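Enquirer: Please see the structure below; I have some questions.
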Amino acid sequence: MEQLLQQIASGLASGAIYACVALALVMIFTATEHLNFAQGEMAMFSTYLCWQLIQFGLGFWTALAIAAGLSFVIGVLIERIILRPLAGASALSVVVVFIGLLAIFHSMAGAIWSHTIKSFPSPFPEVSFAGSGIIGPHQIGMVVVTIAMLSALFAFFRFTTLGLAMRAAAQNPTSARLVGVNVDWMLALGWGLAAAIGAVAGAMVAPVVYLEPNMMSSILLYGFAGALVGGISSPGGAVFGGFMVGVLENLVAYFGNLTEKTFGVYIIGNGEKLSVALIIVITILTLKPAGLFGRVITKRV
Amino acid sequence: MTIQQTTASAAAEAVRELLRGHGAVAMAGAAAGNLVSQTAVTAGPVSPVVTMSAAADGTTPGTHASHGSAPVAPPSGMRVPPAAMAPRAKKRNSLLWPGIVVALAASLVLFGGKGGWISNFQYLQLSLVLVYAIAVLGLNLLTGFNGQISLGHGAFFALGAYTAAVLIDRYNVNYLLTLPVAAILCFVAGYLFGLPALRLEGHYLALATFALATAVPQILKYRHIEGLTGGVQGINLVKPDAPFGLPLSPDQWMYVIVLLMAVLMFWIGRNLLDSRPGRAIVAIRDQPLAAITMGIDTARFKATTFGISAVYVGLAGALHAIIFEYVSPDSFRFDLSVAILVGAVVGGIASLPGALIGGAFVQFIEKYADAATKQFTNLVQLPIELEPWTIYGILLIALIYVMPGGVAGGLATLIAKIKRKRSVS
């Protein structure tokens, strides 16, 4: 039983990261209907930036703040320079450009910081407390930081004029433009925010998965799965979906382990993590493409 | 005229109305001359030249008497200008050049052997070029001609490769017999994957196939099929000797086999695209709604195209396993799917000759990119050593902007320009 609780707790912790990635994906999707395949590699690159700043002697939180800021700038620049000219281009062009970005970030991280695995410091102290057998301090920290960031984002979108303008630009660009919202810049800001969220997610998960250019590949896939489960057009749904696939992933491994112990039959385990994500993605896309909370888009033809 | 026919022709009339604008735009573009620069941003990876020739293939035969009663009557607006029809009239002669190229390629075998001009290693390289060209052609059929995006064709490459390897290594099947088996398996797998993918368009299909590509190495390491696949170790094969005591080295012999396969697959591909189903495939890409209105079973065509495309890639995988003599889960990571996609985009996403250029690109960048990036690093005195993937990425993005038709599309535009200048002067 304690093991099950442990699995759920660590599922929630990794779910927090998936939720961040899913949210970053949804932010870009709602505004532009693009699935950013480079999101994971961008987050990985930001994490390397953060690591580099820590190596320079900065404290963890300062380094993270600067890295997030830099990522914001990079995100804005990518939107302005690379994607803006492609507005209205076919889906294939956009997908190919994203794959190009993915390749560039991946290889640049490898070229600058080498492919060897690096350890990444955890900002949370190693303390024991009641229930620390079930959930470690870093995992709690991950969840807390994520929830704090998500709340801040929620407040930003709900209570500030800029947030309102960004939502308007995403939902109805034409009308938003008519009331004086600079839609182009709102899209760029969305990209910047998504990149910054990715930086935080990367820095939170790096102490667990270690720092290397491939660190985000499975996380990105789970982020996609989370975003799809919750509904790719719904930010709240994406966060919920992220936590859900996190728990689901660990439960699948747990029950796979259990069946192996009880019946001696190996069905599924940690080695099939990505296959589980694949199955989630395909199932949702086939059965309920709108996800749990997404709105069904009807097209007038 | 029966009622049915009347409604059909009424529908066709409506579609004609719909399409007239499209055709007019294409013609205006042709007249304007600077096609690529004009539409680079808006038209996506398919350059207008390629689109037009596809439209020519797709619609002009419809006027043929035997197709007269078919519901796929050509919308008048899409009729191509005479200039674009010219190559069609010359089709009889057009077999000459491919024939010469194939004969030259085949005669390369004569220059090999011990102390020959071409080493065995170079035969392997040439074979790999052709193998990748077949794979890129498969992706071209799906993405370029049918408009379905796949980031996961490495999965079918892996399926073909493992089918060949397992059959040869575990069941002692003749290597040539593994090819049809790989083709059938890949068709079924591709068709089945294509079925749910039918509901997905553009980015969603890209996502589903992205997930597939990422999961492939793990699936190959799955514990219950380890007995077949050899798990992480993979499978080692031995290249077959030339039969009938032919004085050819294994590499030379496999080069012949691969060349024959490539010719066969390109021939099938061209005939497929020239046929009525082929026109339907292109119609689904260009005007999905109009295609449905014209009575094309879009769902069946899309899934079948996915299956056929998987056959191409799977055969390439099987040939790769045989000539490379080795398969392992980690040779089929996401990188492979990216490489095939890069090849398709570089060569020209909706072009058959482009597939050959793409195949050559994939093979040679794999081989020389490391050295080239090192040289470039030294030349520009960069503080860090660049990696081949950086070149991939930059090239992909640059091509989408500058030459969306790939090298083949760019060449076609160039030739068209030269011809026009000649006819003017």
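Enquirer: B:I365 passes all but one of (1) more than 17 Å from the chain's Cα centre (by Cα); (2) open to solvent by 50 Å² or more (accessible area, probe 1.4 Å); which number fails?
Expert: (2)
Enquirer: Checking the condition in contact (Cβ under 8 Å) with a residue 24 or more places away in the chain and not aromatic (F, W, Y), which residue from B:P243, B:P329 passes?
Expert: Unique residue meeting the criteria: B:P329.
Enquirer: So B:I268 ticks every box in (1) among the β-branched types (V, I, T); (2) buried (at least 19 other Cβ atoms within 10 Å of the Cβ); (3) free of Cβ contacts under 8 Å to residues at least 12 places away in the same chain but one. Which box is left unticked?
Expert: Looking at each condition in turn, B:I268 falls short on (2).
Enquirer: Just wondering, is there one or more residues in region A:67-79 that are among the polar types (S, T, N, Q), at pLDDT 90 or above and open to solvent by less than 30 Å² (accessible area, probe 1.4 Å)?
Expert: Yes, that holds for at least one residue.
Enquirer: Check off (1) open to solvent by less than 20 Å² (accessible area, probe 1.4 Å); (2) away from chain B (no Cβ under 14 Å) for A:V247 and give me the number that stays unchecked.
Expert: (1)
Enquirer: State whether the residues of region A:159-174 include one that is in contact (Cβ under 8 Å) with a residue 40 or more places away in the chain and among the β-branched types (V, I, T).
Expert: No, region A:159-174 has no match at all.
Enquirer: Separate question: Report yes if B:L200 is within 14 Å of chain A (Cβ to nearest Cβ), open to solvent by 10 Å² or more (accessible area, probe 1.4 Å) and not in a helix (DSSP H, G or I), otherwise no.
Expert: Yes; evaluated as a whole, the condition is true for this residue.
Enquirer: Among the helices (runs of 4 or more DSSP H) lying completely within region A:2-104, list those that include at least 3 residues that are within 14 Å of chain B (Cβ to nearest Cβ) and either β-branched (V, I, T) or touching a strand residue (DSSP E or B) at 6+ places or on another chain (Cβ under 6 Å) (or both).
Expert: Once the helices (runs of 4 or more DSSP H) in region A:2-104 are filtered for at least 3 residues that are within 14 Å of chain B (Cβ to nearest Cβ) and either β-branched (V, I, T) or touching a strand residue (DSSP E or B) at 6+ places or on another chain (Cβ under 6 Å) (or both), what remains is A:2-32.
Enquirer: Could I ask something else about it? Which condition number does A:P213 fail, the rest of (1) under 27 Å from A:I112 (Cα atoms); (2) in a helix (DSSP H, G or I); (3) over 15 Å from the mean Cα position of the chain (by Cα); (4) not β-branched (V, I, T) being met?
Expert: Of the numbered conditions (1) under 27 Å from A:I112 (Cα atoms); (2) in a helix (DSSP H, G or I); (3) over 15 Å from the mean Cα position of the chain (by Cα); (4) not β-branched (V, I, T), the odd one out for A:P213 is (2).
Enquirer: Condition check: surrounded by 18 or more Cβ atoms within 10 Å (Cβ to Cβ), in a helix (DSSP H, G or I) and at negative phi. Does A:A176 satisfy that?
Expert: yes
Enquirer: Which residues, counting only those in region A:83-127, are among the β-branched types (V, I, T) and either on the phi > 0 side of the Ramachandran plot or buried (at least 19 other Cβ atoms within 10 Å of the Cβ) (or both)?
Expert: A:V94, A:V95, A:V96, A:V97, A:I99, A:I104
Yes/no matrix, rows are residues, columns are (1) more than 9 Å from every other protein chain (Cβ to nearest Cβ); (2) touching a Cys at 6+ places or on another chain (Cβ under 7 Å); (3) open to solvent by 10 Å² or more (accessible area, probe 1.4 Å):
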{"position": "B:N140", "(1), (2), (3)": "yes, no, no"}
{"position": "B:F157", "(1), (2), (3)": "yes, no, no"}
{"position": "B:Y171", "(1), (2), (3)": "yes, no, yes"}
{"position": "B:A208", "(1), (2), (3)": "no, no, no"}
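Enquirer: Taking the options A:I267, A:I279, name whichever one is at pLDDT below 85, outside any helix (DSSP H, G or I), open to solvent by 20 Å² or more (accessible area, probe 1.4 Å) and among the β-branched types (V, I, T).
Expert: Going through A:I267, A:I279 in turn, the sole match is A:I267.
Enquirer: Answer with yes or no whether B:A318 is surrounded by fewer than 24 Cβ atoms within 10 Å (Cβ to Cβ), assigned by TED's automatic domain parsing to the domain that holds B:E366 and out of contact with any His (no Cβ under 7 Å at 6 or more places or on another chain).
Expert: no
Enquirer: Having 2 or more residues that are of a type in the set (F, W, Y) is the bar; report the helices (runs of 4 or more DSSP H) wholly within region B:296-407 that clear it.
Expert: Here the list reads B:298-324, B:352-380, B:388-402.
Enquirer: Taking the conditions exactly as written (surrounded by fewer than 22 Cβ atoms within 10 Å (Cβ to Cβ) and within 12 Å of another protein chain (Cβ to nearest Cβ)), does B:V407 satisfy them or not?
Expert: No.
The values are calculated or read from the model by the stated rules, or taken from the named source; none is laboratory data. Please read these numbers as outputs of a predicted model, since none were measured by experiment. Note: ideal-geometry Cβ built from the backbone for every residue, glycine included; neighbour counts use all protein chains shown. We work out accessible area using only protein heavy atoms, side chains counted, and drop any ligands, DNA or RNA first. Shrake-Rupley method; radii C 1.70, N 1.55, O 1.52, S 1.80 Å.
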